[in-house]
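The next block holds one structure in the form of structure tokens; read it before the comments.
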Amino acid sequence: MQRASQPQAAPKPAPKPAPEATPKATPKRTQSALMKALMELWDDVVRPVVDNLGGFAPLGSRIWWCPTGAFNFLPLHAAGAYRQGGQLLSNLYISSYTPSLTALIRARKSHDKSLSVPFAAIGQNHPAGHSFTLDCVEPELELVRSLLPPPPTVAFTKITSDDATKSRALRALRDNTWLHFSRHGTQNFDEPFKSAFLMRDQPLSLLDIAQTDLSKHEFTFLSACETAVGDANTPDEVIHLAASLQFAGVQSVVGTLWEVNDSTVQRLVKAFYKNLCGDGKMNSKRAARALHQAVQSLAGDEDMPLDQRIVFMHIGI
């Protein structure tokens, strides 16, 4: 008689292999991904356009991009073959953007030139509701002052700290045809018209700007993060701070695509205003070329990340 066998424990399942670690978005990996995207953008979109410009747009000419859909989020101006001997769009043409052809046509209309350019530099280093302090704001505004032509060519006004409130900023917007903003900007993707510059008391929103008559205004420099970022939910509508200024009438606007470092801003601002008005003249039509030259001066700095070398963009004439 066979003895019944003892019940045996069920075999333990083999241990699952440990999941592969998700690669971390290190600065080096991020820059590599950005470079790859810019090369694909060059091959698939920009180079075919450039190949057809030769017949009527000499090298070094201004070109305007009027993107729609997902292209609103892409740095077309920085596309290129980032390899040894490869072509870069920035070495061939000076790129600007426009949110619409109507906005560009309106911006091209000549404005009455005053004998003295009213220029307001508006900064807020400690906006309401935030514990941080932007230490770079005050030095940046003083740098701008030092680079502008002296009176009577430029009538300079500086608004900072407790004076940089929403109402004071709106008044400066109405009273000055040239402006430089240095502050923190926020992009509201759920409600784009609530995108804003953070002020001492209340945000200065995109809606506030859009409702202001800026039809006589010539130039605005937006030294803040995310001033030229669109809304992914409405890709065919260019709704951001920089575009709203041109829609409202400003001829020429400089903005940023994403977060920008203080050191980048200082170098870019210095190079830009030297190129723009180093000869003592104020002309908003020089802005695109001045920005192009300023960005080119940073291009050779391999210590500066690629995303910082291409963050600024120009909109308008």
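Annotations for the structure displayed:
- Measuring between alpha carbons in the structure, the pairs from Lys158/Lys285; Lys28/Lys285; Lys158/Lys274 lying more than 30 angstrom apart are Lys28/Lys285.
- Here r is the Cβ-Cβ distance between Gln31 and Glu142 and R0 is 45 Å; the resulting FRET efficiency, rounded to 0.05, is 0.90.
- FRET efficiency, 1/(1 + (r/R0)^6) with R0 22 Å, evaluated for Arg174 and Asp201 via beta carbons: 0.75
- Here is the list for the stretch 151-220: trypsin sites (Lys or Arg not before Pro) lying in DSSP coil, each with at most 14 other C-beta atoms within 10 angstrom of its C-beta, are Lys216.
- With the whole protein complex present, Phe56 retains an accessible surface near 150 Å², based on a 1.4 Å probe.
The values are calculated or read from the model by the stated rules, or taken from the named source; none is laboratory data. The model shown is predicted, which means the values in this text are computed figures rather than measured ones. Every residue, glycine among them, receives a Cβ derived from its backbone with ideal geometry; neighbour counts consider all protein chains shown. Only protein heavy atoms, including side chains, enter the accessible area calculation; ligands, DNA and RNA are left aside. Shrake-Rupley method; radii C 1.70, N 1.55, O 1.52, S 1.80 Å.
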